[in-house]
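Asks: Let me give you the structure first, and then I'll get to my questions.
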Amino acid sequence: MASEPVNVSEFEALAKKALPKMYFDFYAGGAEDEYTLKDNEEAYQRITIRPRVLVDVSRIDTSTSILGYPISSPIMVAPSALHQLANPEGELATARASAASNTIMILSFSSSYNVEEVAASCDAVRFFQLYVYRGRHIAANLVERAERSGYKAIVLTVDCPRLGRREADIRNRMIVPKLKNVEGFVSNDVDAGGGSNLEAYANSTFDPTLSWKDVAWLKSITSLPILLKGILTHEDALKAVEVGAAGVIVSNHGARQLDYSPATITVVEEVVRAVKGKIPVIVDGGVRRGTDVFKALALGAQAVLVGRPIIYGLAAKGEQGVKQVIQMLKDEFELTMALAGCTSLKDITRSHVRTDRDRFQ
Ligand code: FNR
């Protein structure tokens with residue numbers, strides 16, 4: 001491989017070279033058989049694009065907005081834990097790269113730098129991802145701090161009542177470093193019984209009683225809009241609308257939670273139909289090409305989140321690497337629009353893609 005990556009996937013090899021095995025495996029791994037991990041990417045490859053020709057594509061506009069906040073393209077930064085294991089600048093670098101790319105970063109609850117430090121790193125629209133630990137005071141504290149620090153939305157992750165079984169972390173006896181946001185609340189010094197300290201930590205902290213009624217509680221403690229991340233069915237999408245979510249993120253947590261959950265792109269339409277345009281639908285998992293972004297939009301998503309490629313960019317080249325990853329995806333997406341005959345996002349329609357289901361009908 002040339003030393004300069006020419007696509008997003010090539011950053012993975014660079015990251016693998018740059019990182020200790022324990023950390024690379026933590027970032028790259030999925031749950032159990034990693035069936036869903038593979039399928040998240042492969043399901044995109046089963047969708048083809050139906051281009052329209054002889055359209056004047058001399059000017060292409062990739063811009064859009066999410067919850068009213070303008071972004072340069074429908075590509076946003078997914079919340080992912082512990083960026084300092086990839087680079088000393090951690091989320092500060094990711095935040096600066098996201099801001100420079102005119103997109104929104106969702107800061108993970110389990111970040112290496114805390115909400116205030118990331119907020120101070122640069123001026124930009126950011127969302128905050130929330131986990132709910134046992135003892136609701138911790139979530140309440142973080143929501144209050146995020147709101148005070150200028151985050152514009154809370155992204156409640158709903159697919160994590162317990163941690164999925166990530167076998168690479170168990171094998172490597174993954175050790176979770178101190179989590180900055182919860183300093184003073186909980187200790188990461190838990191007995192892993194010879195396995196993954198991350199798993200033991202998560203299972204002793206995550207609140208497995210979290211349920212739909214808690215969205216009302218969350219709404220009662222913040223005026224920020226609440227997005228639910230981890231929706232995979234039309235039943236839950238409908239409930240999300242009912243409880244007043246401001247948006248849903250179709251996600252299987254990058255295949256790190258329930259193995260054999262569906263590849264996210266295969267359930268986007270189901271969710272889009274259920275919410276009937278009342279709230280935005282965002283999707284993540286396996287987005288590695290501009291064509292993937294195009295396919296997600298054609299199936300009704302408003303935007304995509306990108307997880308691992310961002311971390312790989314950070315590990316390989318710091319802030320510059322994250323910028324490059326976002327730019328590559330955006331450039332590919334813009335080219336896809338041109339070659340498919342779409343000059344703005346509203347031109348991208350269901351008729352621009354062909355899925356397995358279309359073929360079998
Ligand atoms: C994640 N993800 C995640 N999600 C979340 O809500 N809170 C978190 O702290 C994390 N942490 C995390 C760490 C790592 C290393 C990964 C890879 C993922 C899931 C993330 O937000 C997103 O759903 C997936 O990463 C999307 O899939 P891709 O783009 O990685 O395939």
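The values are calculated or read from the model by the stated rules, or taken from the named source; none is laboratory data. Remember, it's a predicted structure, so these values are computed and weren't measured experimentally. FYI the Cβ positions are ideal-geometry reconstructions off the backbone, even for glycines, and counts take in every protein chain you see.
Asks: Counting just the residues of segment 303-336 that are charged (D, E, K, R) and closer than 16 Å to ALA100 by Cα, which one comes out nearest to the ligand (Cβ to nearest atom)? Step through it out loud before you land on a result.
Replies: Residues of segment 303-336 charged (D, E, K, R): 308, 317, 319, 323, 330-332, 334.
Right, trim to closer than 16 Å to ALA100 by Cα and you get 317, 319, 323, 330-331.
On the way: LYS317: 18, GLU319: 18, LYS323: 17, LYS330: 15, ASP331: 18 Å.
Checking each candidate, the answer is LYS330.
Asks: If I ask for residues that are surrounded by fewer than 16 Cβ atoms within 10 Å (Cβ to Cβ), charged (D, E, K, R) and touching a helix residue (DSSP H, G or I) at 6+ places or on another chain (Cβ under 9 Å), which ones from segment 173-188 would you list? Talk me through it step by step, then tell me what you get.
Replies: Here is the first cut: in segment 173-188, the ones surrounded by fewer than 16 Cβ atoms within 10 Å (Cβ to Cβ) are 173, 175, 177-178, 183-185, 187.
If we keep only those that are charged (D, E, K, R) too, we end up with 173, 178, 183.
The one that is surrounded by fewer than 16 Cβ atoms within 10 Å (Cβ to Cβ), charged (D, E, K, R) and touching a helix residue (DSSP H, G or I) at 6+ places or on another chain (Cβ under 9 Å): ARG173.
Asks: I've got another one for you. Taking only segment 338-361 into account, find how many residues are closer than 23 Å to THR266 by Cβ and not basic (Lys, Arg). If you could, list the steps in order and put the result at the bottom.
Replies: Going residue by residue through segment 338-361, those that are closer than 23 Å to THR266 by Cβ are 340, 342, 345, 348-361.
Subsequent filtering for residues that are not basic (Lys, Arg) retains 340, 342, 345, 348-349, 351-353, 355-356, 358, 360-361.
Result for segment 338-361: 13.
Asks: So the check is Cβ under 7 Å with 6+ separation or different chains; which pairs have a first residue in segment 244-271 that's without any contact (Cβ under 8 Å) to a residue 40 or more places away in the chain and a second one that's assigned to a loop (DSSP other than H, G, I, E, B) and within 14 Å of the ligand (Cβ to nearest atom)?
Replies: If the second residue must be assigned to a loop (DSSP other than H, G, I, E, B) and within 14 Å of the ligand (Cβ to nearest atom), the pairs left are VAL267/LEU232; VAL268/ALA301.
Asks: If GLU116 satisfies all but one of (1) under 30 Å from TYR260 (Cβ atoms); (2) out of contact with any Leu (no Cβ under 8 Å at 6 or more places or on another chain), what's the number of the condition it fails?
Replies: Among (1) under 30 Å from TYR260 (Cβ atoms); (2) out of contact with any Leu (no Cβ under 8 Å at 6 or more places or on another chain), the lone unmet condition for GLU116 is (1).
Asks: Is it true that ALA192 is in contact with a helix residue (DSSP H, G or I) (Cβ under 7 Å, 6 or more places away or on another chain) and either under 20 Å from ILE75 (Cβ atoms) or without any contact (Cβ under 8 Å) to a residue 60 or more places away in the chain (or both)?
Replies: Numbers: in contact with a helix residue (DSSP H, G or I) (Cβ under 7 Å, 6 or more places away or on another chain): yes; either under 20 Å from ILE75 (Cβ atoms) or without any contact (Cβ under 8 Å) to a residue 60 or more places away in the chain (or both): yes.
Yes: the conditions hold for ALA192.
Here is a yes/no grid of residues against (1) free of Cβ contacts under 8 Å to residues at least 12 places away in the same chain; (2) touching a Lys or Arg at 6+ places or on another chain (Cβ under 6 Å); (3) surrounded by fewer than 24 Cβ atoms within 10 Å (Cβ to Cβ):
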| position | (1), (2), (3) |
| --- | --- |
| GLY300 | no, no, yes |
| ALA303 | no, no, no |
| VAL306 | no, no, no |
| LEU314 | no, no, no |
| GLN327 | no, no, yes |
| LYS330 | no, no, yes |
| LEU335 | no, no, yes |
| ALA338 | no, no, yes |
| GLY341 | no, yes, yes |
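Asks: Within the bounds of segment 119-128, is there any residue that is under 19 Å from ALA245 (Cβ atoms), more than 19 Å from the chain's Cα centre (by Cα), of a type in the set (Asp, Glu) and away from the ligand (no atom under 15 Å from the Cβ)?
Replies: Looking for residues that are under 19 Å from ALA245 (Cβ atoms), more than 19 Å from the chain's Cα centre (by Cα), of a type in the set (Asp, Glu) and away from the ligand (no atom under 15 Å from the Cβ), one finds none in segment 119-128, hence no.
Asks: Determine, yes or no, whether SER9 is surrounded by fewer than 18 Cβ atoms within 10 Å (Cβ to Cβ), under 25 Å from ARG171 (Cβ atoms) and at pLDDT 95 or above.
Replies: Numbers: surrounded by fewer than 18 Cβ atoms within 10 Å (Cβ to Cβ): yes; under 25 Å from ARG171 (Cβ atoms): yes; at pLDDT 95 or above: yes.
For SER9, the condition - surrounded by fewer than 18 Cβ atoms within 10 Å (Cβ to Cβ), under 25 Å from ARG171 (Cβ atoms) and at pLDDT 95 or above - is met.
Asks: Wholly within segment 247-340, which strands (runs of 3 or more DSSP E) include no fewer than the required count, namely at least 2 residues that are of a type in the set (A, V, I, L, M) and out of contact with any helix residue (DSSP H, G or I) (no Cβ under 7 Å at 6 or more places or on another chain)?
Replies: Numbers: elements: 247-250, 281-284, 303-306.
In segment 247-340, the matching strands (runs of 3 or more DSSP E) lie at 303-306.
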